[in-house]
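The values are calculated or read from the model by the stated rules, or taken from the named source; none is laboratory data. Keep in mind the model is a prediction, meaning the values are calculated, not measured. All Cβ positions, glycine included, derive from the backbone under ideal geometry; neighbour counts span all protein chains shown. Accessible surface is based on the protein model in full, side chains and every heavy atom, while ligands, DNA and RNA are left aside. Shrake-Rupley method; radii C 1.70, N 1.55, O 1.52, S 1.80 Å.
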Amino acid sequence: STSIKLFDAFGIRIGVDGSWFVVLFLMIFILSTPFRDTLHSSDGVAYVTTVVSVLLLFGSLIVHELGHALVARRQGIAVEKINLNLFGGLTQMTRDAASPGEDFKVAIAGPLATFGVILLCLAIDLPIVGASRLGHAIVLDDTIRITPVLMSLSWLLLMNVLLLAFNILPAFPLDGGRLVRSIVWRITGDKRRGTVAACRMGQGLALILAGFGLYWTASASSFGGVWLIALAYLTWQSCKGALLQSALA
């Protein structure tokens, strides 16, 4: 699919597809009101804080993908581009890993980059406001005074913790699933067995996501439920494609 180029980083093209703008708009729309209530501010201040926070989140997704991309390049795998989309980001490489060690290094690099973002947020926040005020800001507690900068950084910290926790689940195509593949591949010497193990876990995750999505949609009629169902479908299809490719290899 075609994408819009944002910029180049380390010689790698960073772009977004059309669905990214949908997510950008929805996140700003959904978060503006709770941000305004927590900040006790005008609509303008809340809006600017929300926009900056959401853009910082997408920036942290780019950092995550650059982790994969730069380590892949060090392993001799050419990287074509990084694209942000409805479900996060994707690093497009010219080939798959040729060994379990290569597979493990590329897979772990993204979560490590996200962990670096988490540490950076903590390093900035904790000396300025302390653990207590940071905790209040993370849960959008409107009973204490929270500045726009603290609001933005604390929200970014929370989102990256949640993204890291989700991303390391042992299910393909998440990074945790790729780590499972590399470990099974190393133990058995068979890449296909590693792929099958990771994809079966991925399909299990897809069914769980679809179940939660259906329940959420039926009980609250919210966008979040529909998004989970779409994510479940994408996860299932990705596993199906990887299983088919491994069978033909």
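Gain in length, Thr33 to Leu214, computed as 0.36 nm per residue apart minus the alpha-carbon separation, to one decimal in nm? Don't skip to the end; give the middle numbers.
Numbers: separation 181, 0.36 × 181 = 65.16 nm, distance 2.58 nm.
Net length gain for the segment: 62.6 nm.
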Exercise. Only Lys, Arg, Asp and Glu count, each charged at its Cβ (+1, +1, -1, -1), so figure out the dipole size of the chain about its Cα centre, rounded to 20 debye.
Key: 800 debye
Exercise. May I ask for the net charge around Ile12, where only other residues with Cβ less than 10 Å from the Cβ of Ile12 are counted and Lys, Arg are +1 while Asp, Glu are -1?
Key: 0
Practice problem: Could you please state how large a percent of the accessible area of segment 111-169 is carbon and sulfur, counting protein chains only and using a 1.4 Å probe? | Solution: 78 percent
Self-check item: Accessible surface of Asp43 - all protein chains present, 1.4 Å probe, nearest 10 Å²
Solution: 100 Å²
Quiz prompt | Residue-level accessible surface for Met27, protein heavy atoms, 1.4 Å, Å² | solution = 40 Å²
Quiz item: Ordering Phe87, Phe21, Phe29, Phe58 by how much accessible area each has at a 1.4 Å probe, largest first, what is the list?
Solution: Phe29, Phe21, Phe87, Phe58
Exercise. Report the Cys residues of the chain lacking a disulfide-compatible partner, meaning no second Cys Cβ under 4.7 Å from their Cβ.
Key: Cys121
Quiz item: Separation between the Leu55 and Ile124 pseudo-spin-labels, each 7 Å from Cα along Cα→Cβ, expressed in nm?
Solution: 1.3 nm
Exercise. Compute, for His136, the solvent-accessible surface of its heavy atoms (probe 1.4 Å) with the complete set of protein chains present, and express it in square angstrom to the nearest 10.
Key: 60 Å²
Quiz item: Between Ser42 and Arg192, what length in nm is gained on full extension when 0.36 nm per residue of separation is reduced by their alpha carbon distance?
Solution: 48.4 nm
Exercise. State in Å² the accessible area per residue of segment 39-146; use a 1.4 Å probe, count heavy atoms of protein chains only, and round to the nearest integer.
Key: 48 Å²
Quiz item: Ala247 to Asp17: FRET efficiency via 1/(1 + (r/R0)^6), r the Cβ-Cβ distance, R0 51 Å, to the nearest 0.05?
Solution: 0.95
Quiz prompt | Cross-link reach list, aspartates and glutamates versus Lys81, counting only Cα pairs under 13 Å and skipping chain neighbours closer than eight places | solution = Asp8, Asp17, Glu65
Self-check item: Alpha-carbon Rg/Rh ratio, for the chain, with Rh computed the Kirkwood way
Solution: 1.00
Quiz prompt | Probe 1.4 Å, all protein chains present, accessible-area order of Arg193, Arg74, Arg95, largest first | solution = Arg74, Arg193, Arg95
Quiz item: Kirkwood hydrodynamic radius of segment 59-144 from all distinct Cα pairs, in Å?
Solution: 14.8 Å
Quiz item: Hey, rough spin-label estimate for Leu207 and Phe7, points 7 angstrom out along Cα→Cβ, what's it come to in nanometres?
Solution: 4.5 nm
